Amino acid sequence: MKITLGKEKKDIIYYLIVVGLLLWGIAYSSITYPELVIVYLVLSFLLIPKIDLSQVYSFVVDPALAVLSAFFAIYADHFITSYNHPFLVGQFSIIYLLCKEEASKFVLEFIFVIAFFLILRAFFVPSKVASFISVFPLLLLSVTDYYVYLTRGAEFIPSDIYGIETAINVASNYRYPVFIPILSVIVPFGLFVTAMIRLKTPKKESKSLPRIIVYALLALIMTSSLFITTHYLSSKRTIMIWADEPSHFNGFITNFGMMLDSMFVRPPVGYSRSGIETALAASGTEDPSAVSDRSNIIIIMNESYSDLSIYSDSGVLEQFEEPAPFFNSLSENTIRGYAYSSVYGGRTANTEFEFLTGITTAGLPDGATPFSMYINSDIYSLPFFLQERGYDTTAMHPCYSNGWSRDKVYPLIGFENMYFIEDFDYDDSDLFRDYISDMCAYENLITRIEADEGTNNQFYFLVTMQNHGGYNNEYPNFPLTDYVTYDGDYGLELNTFLSLMHESDRALEYLIDYLSIQDERYTVLVFGDHQPNIDIPGSFDAGGDKWIVPYLLWTNYDMPQSLLERDSNTTSINYLALDVLDAAGIQTNGYFDYVRSIRDEIPVINAAGYMTNGQWHEISEPSDALNRYLDLRYYALFDN
């Protein structure tokens, strides 16, 4: 290996340009993020001298360049996908963060670059060219993620590819800052490409059969390792989707790879598309036009709405005053019960999916979120079913439209109208902590009801925000009631949550009082999406108490006696729509009859397990009814 300095005129021009870029990068890095100076200094050692590797064997040059490329990609990826994220505030070294984190946050990037490098080398692409080509796809993905996060507050996921046309249509409405990507990725990558091209590597390479076989085998081994490692991580780590959690907890590229792996769901053993279509056709023969005296339907999926008395009754929590007296006092034309959710402390969208489609998420890959990962075209659902029967369908959510890709998914799941936070009428007095109160949400719902009065029957689906997590801070706009006497954060979290539950109860009383005096019929379902993420001792096993949320079904007219006299009001989220339709007097069709037939054999199911004949089973335990249910899910999500 020889290291020299160029002395010709073209070298001087080259040095002026390169040194200028290096000094610019060093100067602005020292102001913006000082650690980037190290990147520019390392690049300067590759750019300023002429490095001659023409006399060095390829089996030495190739590993060195491949590893160098991998480290460059890892740093650039993690910098651009973490910059300005909350978890990076106060952190001054990406290198330090990478060193103290698990290798799983960057191992996929390392394997990808090495594998791609070897594939290129197997096709006789020069090593210096392979070094920067192998880096480019990861840098492109990471810069894309940077801009996606800036525009919507959530990171880039594989299913976003399906919405690229929409993204192009709205792109002109946004401003795109370019300084950070230029400073941390584009200029360094350009300098890296320049340094690699300037390298002198062996010009003549053997094209012998042994050489081809060796590179092909190495490429195959590394590519196989990439897929195996991705699948392994998917089975061991939780896929993150919300806000900047992908970069924070898994690393963006790792999380992206895990999502890609999870998107490919295999058909259940023995699955037959024609078989499921025949079964659906045979299940129902109802006439949509035969329904008379229809009821309007209001569904309220209340954020984190939970009954913590299940823990005080078991002795895990101390006894406390009832925070929801109105909820528990309703009796006329009312069903109260418990439903098993498939999520805890978050992933609200999975509860939405289960309720709206009647399909369980049990058995999907860990961390899978159908809203964000699988729904890219119309999927049959309760809103579509009601549309067929003349209902107008409206979704309301007092938060941002991009959360869980709702703005893309709601139309695909049957909602004709959507209202998000920018459509709500509110001011600061309507906020509890940082979220719109349930009272304000219900006032906006009533405004919609009155605007729609005298038109078609209405289906409203409202997802609230008031009780959202973050219970360990005190807020001047939300005074607390001391329900429990625990000290510290634990007591603060419990008292905050129980105080929020009381406000939800007051808002519910307001809504029910309003609907009680209306001439039109109304069927109302209120249920929690999951329990709050508070560290109360409990079980996550099949049938465990950590999955339980309360629900209330109410009508302002005589509810069918068959519902009121039911033996058990313990169910799961995916079956609640059946009760709503029964209460509203709407005959179900083949799709929902099929779901009902599953319910007859499996009355409760969630991500942790399912119940038959009063006994809980793990999802991995076989069952004919479970197999039929999973057939329906595969058909609806992936084969319809």
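Which value in nm describes the separation of the simple spin-label points at GLU318 and ALA282, placed 7 Å from the Cα toward the beta carbon?
Using points 7 Å along Cα→Cβ, the separation is 6.0 nm.
What list of ³J(HN,Hα) couplings, whole Hz, do you get for segment 326-343 from phi and the Karplus terms 6.51, -1.76, 1.60, once you set θ to phi - 60° and write x for glycine and proline?
Calculated HN-Hα couplings, in order: 5, 3, 7, 8, 5, 9, 6, 6, 9, 10, 10, x, 10, 10, 8, 8, 9, 9 Hz.
May I ask you to evaluate 6.51 cos²θ - 1.76 cosθ + 1.60, the Karplus curve with θ = phi - 60°, for each residue of segment 520-529 and list the ³J(HN,Hα) values in order in whole Hz, giving x for glycine and proline?
Going residue by residue, I get 6, 7, 9, 10, 10, 10, 10, 8, x, 7 Hz, with x marking Gly and Pro.
Calculate, in nm to one decimal, what SER225 and GLU618 gain on full extension: separation in residues at 0.36 nm each, minus their alpha carbon distance.
Length gained, SER225 through GLU618: 138.4 nm.
Just the accessible area per residue of the chain, please: how many Å² with a 1.4 Å probe?
That works out to 44 Å² per residue.
Calculate what fraction, in whole %, of the accessible area of segment 473-516 sits on carbon and sulfur atoms when a 1.4 Å probe is rolled over the protein chains.
Heavy-atom surface of segment 473-516 belonging to carbon and sulfur, 1.4 Å probe: 44 percent.
Under 5 Å between amide hydrogens, which residues at least 5 positions from GLU155 or on another chain qualify, with H placed 1.01 Å from N in the peptide plane?
The list, which skips near neighbours in sequence, is ALA243.
Want the number for PHE540 to SER597: 0.36 nm per residue separation, take away the alpha-carbon distance, what's left?
17.8 nm
List, in order, the whole-Hz ³J(HN,Hα) value for each residue of segment 395-405 obtained from phi through the Karplus relation with A = 6.51, B = -1.76, C = 1.60 and θ = phi - 60°; use x for Gly and Pro.
So the J values, rounded to whole Hz, are 10, 9, 7, x, 8, 6, 5, 7, x, 6, 6.
Considering only protein heavy atoms, what is the solvent-accessible area of TRP554 at a probe of 1.4 Å, reported in Å² to the nearest 10?
About 10 Å², rounded to the nearest 10.
Would you mind getting me the FRET efficiency between ASN417 and LEU41? Use the beta-carbon distance for r and R0 = 51 Å, nearest 0.05.
My answer for the efficiency is 0.35.
Evaluate the charge dipole of segment 493-640 about its Cα centre and quote only its size in Debye, nearest 20, assuming +1 on the Cβ of each Lys and Arg and -1 on the Cβ of each Asp and Glu.
Dipole size: approximately 180 debye.
To the nearest 500 deg cm²/dmol, what mean residue ellipticity at 222 nm is calculated for the chain from DSSP H runs of n ≥ 4 alone, each contributing -39,500 (n - 2.57), summed and divided by the residues?
Calculated at 222 nm, the ellipticity per residue is -14500 deg cm²/dmol.
Would you mind classifying segment 515-640 by shape? Square roots of the alpha carbon gyration tensor eigenvalues, ordered a ≥ b ≥ c; an a/c under 1.5 is rounded, otherwise it is prolate if a/b is larger than b/c and oblate if not.
Since a/c reaches 1.5 but b/c is at least a/b, the shape of segment 515-640 is classed as oblate.
Which shape class, rounded, prolate or oblate, goes with segment 381-538 when its Cα gyration tensor gives a ≥ b ≥ c as root eigenvalues, a/c under 1.5 marks rounded, and past that a/b bigger than b/c marks prolate?
Because a/c hits 1.5 or more and a/b exceeds b/c, segment 381-538 counts as prolate.
Can you tell me the length gained on complete extension of the stretch VAL67 to ASN640, counting 0.36 nm per residue apart and subtracting the Cα distance?
Stretched fully, the VAL67-ASN640 segment lengthens by 201.8 nm.
Of all the accessible heavy-atom surface of segment 13-95, with the other protein chains kept in place and a 1.4 Å probe, what percent is carbon and sulfur?
On segment 13-95, the fraction of accessible area on carbon and sulfur atoms equals 78 percent.
Compute the distance in nm between two label points, each set 7 Å from the Cα along the Cα-to-Cβ direction, one at GLN518 and one at SER329.
Label-label distance for GLN518 and SER329, simple model: 2.2 nm.
Hey, which of these cross-link pairs are over 19 Å Cα-Cα: LYS7/LYS128; LYS408/LYS546; LYS10/LYS50?
Flagged as over cut-off: LYS7/LYS128; LYS408/LYS546.
Under unit Cβ charges (Lys, Arg +1; Asp, Glu -1), what dipole magnitude, rounded to 20 debye, does the chain have relative to its Cα centre?
In total the dipole reaches around 5540 debye.
Report, in debye and to the nearest 20, how large the dipole of segment 346-453 comes out about its Cα centre when Lys and Arg carry +1 and Asp and Glu carry -1 on their Cβ.
My answer is approximately 620 debye.
May I ask what percent, to the nearest 5, of DSSP beta bridges between residues of the chain are antiparallel?
So the antiparallel bridges amount to about 50 percent of the total.
Label segment 198-258 by shape, choosing from rounded, prolate and oblate, from the square roots a ≥ b ≥ c of the eigenvalues of the Cα gyration tensor; if a/c is under 1.5 it is rounded, and otherwise prolate applies when a/b is larger than b/c, oblate when it is not.
oblate
Considering only the other residues whose Cβ falls under 12 Å of the Cβ of PRO137, what net charge follows from Lys and Arg at +1 and Asp and Glu at -1?
With Lys, Arg at +1 and Asp, Glu at -1, the neighbours total -2.
Give me the net charge of ASP541's neighbourhood, meaning all other residues with Cβ under 14 Å from the Cβ of ASP541; Lys, Arg count +1, Asp, Glu -1.
Charge balance in the 14 Å sphere: -2.
Quickly work out the ASN473-to-ARG336 label distance, labels modelled 7 Å from Cα along the C-beta direction, and quote it in nm with one decimal.
In this crude spin-label approximation the distance works out to 3.3 nm.
Give me, ordered by chain and number, the residues 5 or more places off ASP529 or on other chains with an amide H under 5 Å from its own placed amide H.
Here the answer is ASN302, SER304, TYR305, since their amide H atoms fall under 5 Å of that of ASP529.
Return the FRET efficiency for the residue pair TYR176, PHE92: r is the Cβ-Cβ distance, R0 is 22 Å, and the value is rounded to the nearest 0.05.
My answer for the efficiency is 0.25.
The values are calculated or read from the model by the stated rules, or taken from the named source; none is laboratory data. Remember, predicted model here, so these are calculated numbers, not experimental data. A quick note on method: Cβ atoms are made from the backbone with ideal geometry, for glycine too, and the neighbour counts reach across all protein chains shown. The area values use the complete protein model at the heavy-atom level, side chains included, leaving out ligands, DNA and RNA. Shrake-Rupley method; radii C 1.70, N 1.55, O 1.52, S 1.80 Å.
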